[in-house]
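Notes to accompany the following structure.
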Amino acid sequence: MNWKLALNIATTHLLTKKRQSIIAMLGVTFGISMFIIMISFMTGVNQFTEDMAMDNTPHVRIYKPLEIEDKKIIALDKPQKENDWYVVEHQRPKNELSKIKNGLTLAMQIERMPEVMGVAPQLSSQVFYNNGPVQIPGNIYGIDVKKQEALFQLDKKMDEGELDDLLKGSDVIVMGKGLAKKMNVTVGDRVSVTSPEGGNLNLKVVGIFSFGVAAMDESRSYATLATVQKILQKDPSYVTDLNIKLHDINGASVFKQKLENQLDGVYVEDWETANQSLLAGESIRNIMTFVVCATLLVVAGFGIYNIMNMNIINKMKDIAILKATGFQGADVTAIFMLQSVMIGIAGGFFGLFIGFFFSYLLSITPFPAGEFFRIDTFPVNFNPVHYIIGLFFGFLTTLFAGYFPSKRAAKVDPVRIIRG
């Protein structure tokens, strides 16, 4: 077969029916451009939510949960027989501390493991922030400031003051933006913090931070480990959490199993378990995105199929003449397949360009985030893989859309057409 001749005939057919060719190309262009815009935006939103959640989320967390043990004192001296029942209602937990035994030593041991980037010890507690006669409930976190900066970039969340200011004085605190607004305090003011056990300390506000999540910014504050231990009246070794960052986030579940086999009396939680609802929402959004995008491409393919069908009906006499002059069915199929491929490639590249252009416009459009979200423009993900997928599926759709009409063209009987 002479491919050069087939290409010339295919090009001539497309140029003689410019309107039909342009409409078919625009169908592919619209499908791919919408695919690029939607998948770029939806994956950008997913990435933004994941980054926002992971900024302050350890890859693996070690803590000691408070559990109620089902032990009945009455049954200790009297063995339980088959028909005996001991019922204890409203059982209370033991007065156990949530302290991790030898937590600081354990942190140093874990930090020496090859998988570990770093370990940040933490002491967390519910407290009351006293605003005159009003007590505002919240949480205070005692941290190793340098570790928190290196592993969780807490210093980059500061709106006022510096995180290092916690190391420049005693009895100081940094507060969430929403909490500071509730308390009507600014940098330099003092707040009174009361623990659930009644411990109280007057602290100076040296900074205000914002995570961009209202639930965190309206209830959370940070101080040094020593300061929170002082509020809770605990010893210097008292820590409640070990927050671990790994070199490879995907190895968190394996590393969790490794720690569980080595440690007793503590609970080990990886980031996937802690963020199950977030990951489930992300999976659902990804499925919806690909379903909608695939539908757009299929609809564009049906449009091309209809146009190619009409093109073949209009070119029946041309097909008959081609076959009468010696063209075989495979040659006719190739001519119309080439037309479909040319439409797909031209429409695909135009679609990629338009999709990128509008995605870029979206990425520089101001996002009405309100007071708390730390985002200036709409989140858009410019992933080259999406463009390759868009071009591939656009080409594949047009290929199938052109195949069936071209096979029909190959079966045309030239004698019947010329006589008719």
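The values are calculated or read from the model by the stated rules, or taken from the named source; none is laboratory data. Since we're looking at a predicted model, the values are computed, not measured. For neighbour counting, all protein chains shown are included, and Cβ atoms are generated from backbone atoms with ideal geometry for every residue, glycine included.
Only one of these is at pLDDT 75 or above, over 30 Å from residue 335 (Cβ atoms) and not assigned by TED's automatic domain parsing to the domain that holds residue 365: 100, 37, 74. Name it.
From the options 100, 37, 74, the qualifying one is 100.
If only one of 313, 354 is in contact with a Ser or Thr (Cβ under 6 Å, 6 or more places away or on another chain), of a type in the set (Val, Ile, Thr) and surrounded by fewer than 21 Cβ atoms within 10 Å (Cβ to Cβ), which one is it?
354
I'd like to check something: does segment 61-70 contain any residue that is part of a helix (DSSP H, G or I) and either at pLDDT below 75 or buried (at least 20 other Cβ atoms within 10 Å of the Cβ) (or both)?
No - not one qualifying residue is present in segment 61-70.
Give 193, 187, 174 a once-over and let me know the one that is assigned to a loop (DSSP other than H, G, I, E, B) and hydrophobic (A, V, I, L, M, F, W, C).
Every option except 187 fails the conditions.
Give segment 19-47 a look and list any residue that's surrounded by fewer than 24 Cβ atoms within 10 Å (Cβ to Cβ) and in contact with a Leu (Cβ under 6 Å, 6 or more places away or on another chain), or say none.
Hits for segment 19-47 are 21, 34.
Return the residue satisfying two criteria in turn: it lies in segment 151-162 and is part of a helix (DSSP H, G or I) and in contact with a strand residue (DSSP E or B) (Cβ under 6 Å, 6 or more places away or on another chain), and of such residues it is farthest from residue 104 (Cα to Cα).
My answer is 157.
With the requirement that a residue be touching a helix residue (DSSP H, G or I) at 6+ places or on another chain (Cβ under 9 Å) and assigned to a strand (DSSP E or B), what does segment 196-206 give you?
200, 201, 203, 205, 206
Going by the structure shown, is residue 330 under 28 Å from the mean Cα position of the chain (by Cα) and modelled with pLDDT under 85?
Spelling it out, it is not the case that residue 330 is under 28 Å from the mean Cα position of the chain (by Cα) and modelled with pLDDT under 85.
I need the full set of residues from segment 250-278 which are of a type outside the set (Gly, Ala, Ser), surrounded by 14 or more Cβ atoms within 10 Å (Cβ to Cβ) and within 18 Å of the chain's Cα centre (by Cα), in order please.
270, 271, 272, 273, 275, 278
Scan segment 266-288 for residues that are touching a residue at least 24 places away in the same chain (Cβ under 8 Å) and under 26 Å from residue 240 (Cα atoms) and jot them down.
Selection gives 266, 267, 268, 269, 270, 271, 274, 275, 278.
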